[in-house]
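Since every read-out is calculated from the coordinates, none of them should be taken as a lab result. Being a predicted model, the structure only gives us computed values, none of them experimental. No Cβ is skipped: glycine too gets one built from the backbone with ideal geometry, and neighbour counts run over all protein chains shown.
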Amino acid sequence: MICPKCGNEFEGTTCPKCNSPAILVNASDYERRRREWEEREKQKNSEEQKKQKNRDDVRRVAKKIADTDYSQLVSSNAGRAAGFASRNRRILAMAGAVIAAAIVIIVLINAVTASGKNIFYVSDGSSIYKGMDKNNIICSTDDVIFNYDRSCAYSYNIVGDIDRQAITGTMVSSNGRYYAAVMYTENNGGNNESAAVDGNDDAGYIGESNSTAVNGNAISTGTYTLICWKKNDGYVSVKSSTDKKTIAMVTDDGMLVYTDTHYLNEGAVGAEILGCYYIDEQKNLTLSSDMDEYAVAADNVIWTDSDGTLYRTKYKDGTAVRIARNVKKIYTRQKTYMYANVNGMIQTESAFVYVTQDGEYIYLDLSDKKNHDGIYLFTSASQTDSLVYIAKSGCAYTAGGGRLSRITGITDETVSGQPDDNIRKTETVSELASSSVYYSSDADCLYYVNKSDELVLIKNAGKAADISVSGVTVTSGITKSGIQYTAYGNDGFWYISQSSLCYCDGSSKQIKLKDDVKQGAVIYCMEYKNRIYCLHDGTLSRISTGGNVQMETGGIADIWTGRIRTR
């Protein structure tokens, strides 16, 4: 079966990749909840029509008042002109008040409608619910596709049938117009074609079946097929072969970014292809046939080849532009000011850090039209797992190799400006037990776990270079998991201290969520509407900011905030 958490295929009761339990679907129970959901949708549609009628009535009244010709009310009789003028002023004042009230009503209606854009959802692996009420079913997990950051999801909206049991990965654009999916099928008796895909293959090809592909953690022979479609349209096969395919991004303009990985017979990773597919034009473009690392942003995709050359490509023109040579690693944005060497999405600021073979760390913002070369940060030969760069203060923190270091004196000098390293100062802050750190820009606080397994807080972490940093111990007994970021872009972090699960929003306040926490259990924590939601070992708890448990429910596999559109 396919794991609902990470998409890995496995046999048994627990996913070996993420330890998520297998969830068996009760067919009769699902059909009952499905019928209840359809009835609620009908009622919701009726209520929405009434709201729309009320909005139209308000607009008609406002328009009628605005179009009234008040000049006709003025008499040509000079003796009555003053009286009519005073009366007109009162009428105009009343009209203005009515229009203002109408505008307020419309704004309030729109505000109520817009407030649903950020809804808290839970899933038991088979169904999705609004909030913690399992009677408030939205849809089946198999009925929707998420965008890149799970902030929104849409129903499949596809013409024709596809074998959803064969799907290993999906993604939709944030505007819900473009869709993509990866399907995996075992080959039968030497038949090279995938039985799951019988759409238009003009844009792709059917690969040979006599090579070895990797499916999850096990080596097997089969076919991976990448397909895409536009809303309410049939699908197109982009590429089909025994090489494993991963969807990196689907943009609102119809650009599909994907990777195509070839595995050797021993299971080792061979060549990786980075490709772009223009869905409207049905045009396939290979960006790199020997890709090493990559990251996608709102308007660009960046990657390094195996020879260390760093490129960028704008989605609109598809032209590859070389940024730098001899690049060793790319650090993509994980949280505000925080970067790590992880393939994936460059968040909203479209900025990243890369390090050269000579140990030079360069900060580059793709949206900065004045500085195409990037800003030189510092040079370091030490291992760096995570990086905090605070541009306004000219300082950075690096964590790696069992050490936390601070670099100050960083200026906005460009790479081509021959920056002077003499003005930069590097100091060792502490020895580390974990390379995960957290920085809160609002509170200007930095957290780390030292070699004594203590959680340490540095206040005023981004202050000027002449202020020495010193940490304050928050608590002790931190487990090897260290600092873990909250789920799906939420600010804050969680950690386990002496078998207790604790949460911090980035300030100095620590909140205990649970006692007797199981080691290795799947944990998600996030804050939503001044409450903390904690998912631990399948049990979801709603906890106040004071640490009081308000509600609990079991059998939960996932939590997130966003917006699901099933129509």
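What the table below lists for this structure:
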read-out: Residues with amide H under 5 Å from that of E293, placed H, sequence gap 5 or more; value: T304
read-out: Neighbour net charge for V159 - beta-carbon separation under 13 angstrom, K R +1, D E -1; value: 0
read-out: Proxy reagent accessibility, fewest Cβ within 10 Å first, across S434, S470; value: S470, S434
read-out: Backbone HN-Hα couplings from phi across the stretch 248-262 [Karplus 6.51/-1.76/1.60, Hz, Gly and Pro as x]; value: 9, 6, 10, 8, 5, 8, x, 9, 9, 9, 8, 10, 10, 10, 9
read-out: Sorted by Cβ neighbour density within 10 Å, fewest at the top, the residues L446, L366, L387; value: L366, L387, L446
read-out: Per-bin percent of Cα-Cα distances, the stretch 314-459 [10 Å]; value: 11, 41, 35, 11, 2, 0
read-out: Computed lengthening from N118 to S507, 0.36 nm per intervening residue step minus Cα-Cα distance; value: 137.7 nm
